Structures are given as C-alpha cells and as structure tokens.
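All remarks here apply to the structure that follows.
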Ligand code: DCM
Ligand code: DCM
Ligand code: ZN
C-alpha cells in the first residue's frame with residue numbers, strides 16, 4: 001500500500017504502511033533498508049523465468065483440479081502433491097523470513113520479497129485454478145486487444161479500474177482501499193480475512209494452513225465470478241459487461257492481499 005498521495009500527512013513509514021505494528025515495521029526496516037514492500041512486490045515475477053531463482057516459477061500458483069464453475073475446492077494432497085506450489089512456498093519463505101531459525105540475512109531478504117509477492121498472487125482466483133492453466137489458454141478480447149483470461153484478471157481489470165476511477169493513479173487507488181478497510185465498506189469484514197492459523201502452522205505435508213485458507217477463499221470466485229460469465233460468451237469483449245461485473249472482486253481481493261500481508265509481516269516480526 002502506497003499512501004503517498006492520501007493527504008493524511010504523517011511522517012515515516014507508518015504513512016505508507018498503515019497496518020504494520022512496531023515489530024512488523026522493524027522487520028521491514030531491517031530487511032528492506034531504504035525501500036518498502038510495495039517497491040519489491042514484482043521482483044519475484046522478474047526472476048522466475050531463468051537463472052538462480054528459476055526453481056520458483058511454479059511457486060506463484062496452485063492448480064486446483066476442481067471443476068469450475070460447477071465445483072470449487074482446493075485439496076493440497078491433490079493439487080500440490082509434489083510441494084511445488086504456492087501453499088508450500090508460503091510456508092517455506094515464511095519460515096525463512098522470520099527469526100525462529102537462523103537463516104542468513106540475504107535469504108531472509110529474499111524470503112520477505114517472495115512473501116510480499118505470493119500473498120498477492122494467492123488472492124487472484126486464476127492463480128488457484130487448473131482450468132486452462134489458470135486461464136492462460138483462454139484467448140479473449142479486452143477493449144479490442146487480444147489477451148487471455150489470466151491476464152484479464154492479473155492486469156487488464158486492475159489497470160482499467162485505476163484508469164477509469166482513480167485518474168490512472170495507483171496511489172490514489174491504494175488510498176481508497178486503505179480507507180475502505182479502516183472506516184468504510186470493508187471494515188466489518190476485514191477481521192474475517194485473517195486466517196485463524198499463524199505463521200508456524202503447517203499441515204503434515206508441510207503446507208501453510210493459512211495459505212490453504214486463502215487459496216480456498218480465492219478459488220470460490222472461480223465458480224461465482226470468473227468462469228460463469230466466461231462460459232456464457234467466450235467471444236464477448238471482456239472490457240465491457242464482464243469488466244463491470246468483476247472489478248469489485250479485484251478490489252476486495254487486493255484489499256485482502258494488503259491487509260493479510262501487513263498482519264503476516266507483523267507475525268513474522270514477532271518471531272524476532
Ligand atoms: N529455497 C526453497 N526451496 C528450494 C530451494 C531453496 O525455498 N527448493 C529457498 C531457501 C532459501 C533460499 O531459497 O531461502 C536459498 O536456498 P539455498 O540456501 O538452498 O540456496
Ligand atoms: N500461472 C498460473 N497457473 C498456471 C500456470 C501459470 O496461475 N497453471 C500464472 C503464472 C503467471 C501467469 O500465469 O503469473 C503466466 O504464466 P506463464 O508465465 O507460465 O505463461
Ligand atoms: Zn507471480
């Protein structure tokens with residue numbers, strides 16, 4: 001969350017990171033000196049294709065082999081049998097980011113950057129979906145341009161939302177999301193976005209129980225929003241009615257990502 005333009009002038013990092021507590025802010029200051037989580041949020045995508053981090057390429061998603069839009073569920077024994085998926089990666093990097101084991105600082109820094117990214121990815125319904133490789137195989141039109149359903153949810157809907165309603169200013173969009181959580185339409189629901197499971201809770205497969213909760217939550221949108229309106233007319237322009245019926249889901253999923261991330265960093269910081 002970048003609140004630079006929010007108008008709630010305040011000095012220091014609490015201005016840009018309103019949901020961090022002291023221990024969370026200390027971990028961020030220690031592991032990301034001179035920068036902030038939002039500034040490193042896309043790093044994991046830039047390193048996954050080749051080189052020393054290419055082993056992380058499948059850590060960005062879990063292929064739920066359910067049957068959307070008829071049936072939506074996530075079962076880690078079915079969908080992450082080899083551990084090469086986001087609910088395992090969140091467990092691994094959460095351990096590595098904190099202080100409960102003696103991880104080298106460079107690896108703690110990497111781990112925090114992966115956590116920032118994966119807690120966002122896991123809120124995107126098509127990052128929790130095997131159908132069409134998470135919609136990558138569904139070629140569609142969006143405002144006249146050729147794209148695919150995965151990119152519609154990753155990029156096209158949020159970009160159009162920010163352009164149409166926030167003067168193309170992502171800081172203004174972030175401020176709106178923060179206000180909705182603090183005092184607005186998300187306030188009463190926000191506590192329910194936090195899993196009852198903490199940073200150390202894993203199942204016998206080594207997968208994060210909180211991350212499984214988050215995956216189940218996102219996967220439900222594959223049955224309610226993402227796929228029904230796709231199946232109704234795959235050749236529609238997705239920048240029209242489909243967009244209008246989907247941007248509220250993108251808003252709330254982005255809100256969950258930021259709110260959960262701050263809480264998770266606070267809990268990671270509490271291990272130090
Ligand atoms: N790592 C991981 N899974 C792997 C390999 C490595 O989560 N299969 C993590 C552990 C460390 C970082 O990557 O945080 C570097 O690992 P290593 O010390 O093995 O190079
Ligand atoms: N992706 C996904 N599920 C899959 C395969 C890929 O969610 N089964 C994501 C990872 C990237 C995007 O889709 O964010 C594009 O994938 P790629 O770069 O592999 O084409
Ligand atoms: Zn990603």
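The values are calculated or read from the model by the stated rules, or taken from the named source; none is laboratory data. Quick caveat: nothing in here was measured; it's all calculated off a predicted structure. As a convention, Cβ positions derive from the backbone with ideal geometry for all residues, glycine included, and neighbour counts pool all protein chains shown.
Looking only at residues in the range 93-112 that are assigned to a helix (DSSP H, G or I) and surrounded by fewer than 19 Cβ atoms within 10 Å (Cβ to Cβ), the one that is farthest from ligand 1 (Cβ to nearest atom) is 105.
Residue-wise test of (1) at pLDDT below 95; (2) more than 20 Å from residue 270 (Cα to Cα); (3) under 18 Å from the mean Cα position of the chain (by Cα).
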| position | (1), (2), (3) |
| --- | --- |
| 79 | no, yes, no |
| 87 | no, yes, yes |
| 93 | no, no, yes |
| 96 | no, no, no |
| 101 | yes, no, no |
| 117 | no, yes, yes |
| 123 | no, yes, yes |
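Within the range 144-163, the set of residues being touching a strand residue (DSSP E or B) at 6+ places or on another chain (Cβ under 7 Å) and buried (at least 18 other Cβ atoms within 10 Å of the Cβ) comprises 147, 148, 149, 152, 156.
Out of the residues in the range 20-43 that are in a loop (DSSP other than H, G, I, E, B) and over 16 Å from the mean Cα position of the chain (by Cα), state the one that is nearest to ligand 1 (Cβ to nearest atom). Here the residue is 32.
Flag not set for residue 46, criterion: within 14 Å of ligand 3 (Cβ to nearest atom), over 15 Å from the mean Cα position of the chain (by Cα) and in contact (Cβ under 8 Å) with a residue 24 or more places away in the chain.
Looking at 269, 258, just one residue is over 16 Å from the mean Cα position of the chain (by Cα), surrounded by 22 or more Cβ atoms within 10 Å (Cβ to Cβ) and within 30 Å of residue 96 (Cα to Cα), and that residue is 269.
Of all the residues in the range 114-143, those that are touching a strand residue (DSSP E or B) at 6+ places or on another chain (Cβ under 8 Å) and more than 19 Å from residue 217 (Cα to Cα) number 8.
Scanning the range 195-233 for residues that are assigned to a loop (DSSP other than H, G, I, E, B) and surrounded by fewer than 18 Cβ atoms within 10 Å (Cβ to Cβ) gives 196, 197, 198, 200, 201, 203, 204, 205, 206, 233. Which of the residues spanning the range 50-66 are surrounded by 21 or more Cβ atoms within 10 Å (Cβ to Cβ) and either in contact with a strand residue (DSSP E or B) (Cβ under 7 Å, 6 or more places away or on another chain) or not in a helix (DSSP H, G or I) (or both)? Listed by number, the residues that qualify are 61, 62, 64, 66.
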